[in-house]
Every structure is written in C-alpha cells, then in structure tokens.
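Heads up: the structure comes next, in structure tokens.
The values are calculated or read from the model by the stated rules, or taken from the named source; none is laboratory data. Computed from a predicted structure; not experimentally measured. Glycine also receives a Cβ, built like all others from the backbone with ideal geometry; neighbour counts cover every protein chain displayed. With ligands, DNA and RNA removed, areas are computed over all heavy atoms of the protein, side chains included. Shrake-Rupley method; radii C 1.70, N 1.55, O 1.52, S 1.80 Å.
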Amino acid sequence: MAFDVLPGDPASPVILHVPHSSRNVIESGLYPDIVAEELDHLTDAHTDLIALGAAATAARRPWIFMNRLSRLVVDPERFIDDEMVRAGMGPVYTHGHAGRRLRDDDPSRDAKLLHEHFHPYAEAMTGLVDDRLAATGRAVILDVHSYPTAPLPYELHADGPRPPVCLGTHPVHTPDRLLAAARAAFGDTGLNSPFAGCYVPLEHYDRDQAVWALMVEIRRDQYMVEPGGPPTEGIDRLARALAILVDTVPAHR
C-alpha cells in the first residue's frame with residue numbers, strides 16, 4: 001500500500017498523521033519537466049522526521065499513519081467539494097503552487113487514482129481511528145504539516161499571520177485542553193492562519209466527540225532550508241516539542 005501504519009503503545013490514543021512529507025511520485029499524468037520544482041514547494045519536507053523523532057522520545061509511543069506517495073499524485077486530505085478545487089488542487093491536482101498546469105484533464109485517470117489510492121488511504125485511516133477508539137475510548141489525531149515562510153500563489157488565505165507554528169482547529173474535534181497543551185508545548189503559536197481546520201475521517205467528522213484532532217503547521221524556516229532543502233538544527237527542537245504534546249494530551253475534554 002502507499003502508506004505505512006507504524007504501531008504505537010497499545011494504550012495510546014494518539015495518532016501522528018503525516019500526509020504530505022513524501023516526494024515519491026508514480027505515473028499519474030504529471031508533466032515530468034516541472035515535477036521537481038513543484039515537489040520543492042508543495043512537499044511538507046522532513047515532517048516525517050519530526051513525527052518519527054517525537055514518537056521515539058515520547059514517554060508513551062504514539063501511532064503513526066504516514067503517506068508514502070507525494071500529494072502531487074493524490075492528496076488524501078482534499079475532497080471533491082474542497083475550496084481548493086477552484087485553485088485546481090482538489091484530491092487530484094491539475095495545477096501547482098503558482099497556478100501552473102500539472103497534468104491534462106482526464107476524468108478516467110482521476111477516478112482510477114481515487115480508487116487505487118485515495119479511498120484505500122481513507123479507509124485505513126478510519127480503521128486506525130476505530131481501533132484507537134475501541135482500545136482507549138478516544139482517538140487523538142495530530143496532523144503534522146509544514147508551510148512556507150513566504151506565501152505561495154495558490155494560497156487562498158495568504159493575508160493573515162504566519163506564526164512559527166499554526167494550530168488548525170475544529171469546533172467539535174479540538175477540545176480547549178488539547179489546544180492549550182499544544183500552545184504550551186510549542187510556545188509561539190497562532191490559530192487557523194494561514195491554514196485552518198484539521199483532518200478527521202468522514203465517518204466521524206463533525207459528530208463524534210471522542211475523536212479529537214489538531215493540525216500542527218510548522219513554518220519551514222524553523223527547521224529547514226527553503227524550498228526543498230535539508231533540515232536544520234531546529235528539527236530536533238520541534239520533534240521534542242511534538243513529543244511533549246503527545247505526552248501532555250489531556251485525559252478528558
């Protein structure tokens with residue numbers, strides 16, 4: 001499969017979700033001459049290392065769900081009715097970070113990509129959430145992302161603050177205590193700018209309060225050379241901060 005589920009402590013409700021760290025592309029109609037540049041700008045580079053580092057140092061190891069395909073193939077966090085569809089960046093991107101076309105329109109190809117990659121990914125993530133609910137009575141999804149220091153042209157809400165760490169929330173799925181724990185762990189944070197919301201499987205979305213979620217968007221100058229360059233010393237500090245959040249997730253809403 002095009003994703004990995006890395007087991008954590010059986011008693012842990014925490015899932016570190018890493019959807020956009022991979023640069024791995026497969027044949028999917030992408031124009032080959034622009035793929036490398038798009039990967040540099042759109043990949044949440046090294047967020048897999050942050051999640052793995054946090055899991056290794058947390059007192060109770062969290063579970064990790066990690067995408068092994070680039071978001072340029074299929075983006076598992078976009079939906080058919082997503083607002084990003086108007087930017088050509090729904091589940092199967094037709095346009096890239098600067099509005100440049102990435103691939104030809106091909107509904108048959110897109111349906112195949114959704115069938116082979118998008119839907120199995122969603123089903124597996126739902127299964128992991130269900131497993132944590134059954135084992136612990138709750139599931140806590142920490143969605144690990146990064147974003148560029150300077151806005152990219154595709155961003156629909158680029159005029160707001162760009163803090164070192166942006167926390168994306170949902171009124172049903174982000175308890176105040178979870179948000180407070182994240183602010184304490186990371187220090188200088190902002191809320192829902194430049195990116196808002198958090199990932200929850202559709203089966204639970206907007207109704208199951210036992211499923212908690214928080215998006216952790218890390219500004220890339222905090223831990224890497226932009227765009228698409230190597231990590232810097234900041235990556236260890238952020239892995240430790242994420243581990244602190246894992247260890248301080250509250251027991252109750």
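Summing Lys, Arg as +1 and Asp, Glu as -1, what charge do residues with Cβ under 15 Å from the Cβ of ARG177 carry, ARG177 excluded?
After counting each charged neighbour, the total is +1.
Given 25 °C and 0.890 mPa s, compute D for the range 123-253 with the Stokes-Einstein relation, Rh being the Kirkwood radius over Cα pairs; round to the nearest whole µm²/s.
The calculation lands on 159 µm²/s.
Net charge near ILE244: determine it from the other residues with C-beta under 15 Å of the C-beta of ILE244, scoring Lys and Arg +1 and Asp and Glu -1.
With Lys, Arg at +1 and Asp, Glu at -1, the neighbours total +3.
Let's see if you can work this out: charge +1 on each Lys and Arg Cβ, -1 on each Asp and Glu Cβ, no other charges. What is the dipole magnitude of the range 27-91 about its Cα centre, in debye to the nearest 20?
The dipole magnitude comes to about 500 debye.
Let's see if you can work this out: charge +1 on each Lys and Arg Cβ, -1 on each Asp and Glu Cβ, no other charges. What is the dipole magnitude of the chain about its Cα centre, in debye to the nearest 20?
I would put it at about 660 debye.
Given a cut-off of under 8 Å on Cα pairs at least six residues apart, what relative contact order in percent is computed for the chain?
24 percent
Using θ = phi - 60° and the Karplus relation 6.51 cos²θ - 1.76 cosθ + 1.60, list the HN-Hα couplings for the range 148-162 in order, rounded to whole Hz, with x at every Gly or Pro.
Couplings: x, 4, 9, x, 9, x, 6, 5, 8, 9, 8, 8, x, x, 10 Hz.
What is the percent carbon and sulfur in the accessible area of the range 95-253, measuring with a 1.4 Å probe over the protein chains and ignoring ligands?
Summing carbon and sulfur atoms, their accessible area is 53 percent of the total for the range 95-253.
Output the relative contact order of the range 29-116, whole-number percent, from Cα pairs under 8 angstrom with separation of 6+ residues.
28 percent
Within 14 Å, Cβ to Cβ, of ILE80, how many net charges do the neighbouring residues add up to if Lys/Arg are +1 and Asp/Glu are -1?
-4
With every protein chain kept in place and ligands, DNA and RNA left out, what is the accessible area per residue of the chain? Probe 1.4 Å, answer in Å².
Per-residue accessible area for the chain comes out at 42 Å².
Rule-of-thumb check for the chain: C-alpha Rg over 2.2 N^0.38 Å?
0.95
Along the charge dipole of the chain, Cβ charges K/R +1 and D/E -1, which of ASN67, VAL5, VAL246 sits furthest on the positive end?
VAL246
Where does the chain land at 222 nm, in deg cm²/dmol rounded to the nearest 500, when only DSSP H runs of n ≥ 4 count, each adding -39500 (n - 2.57), divided by all residues?
Estimated from H runs of four or more residues: -8500 deg cm²/dmol.
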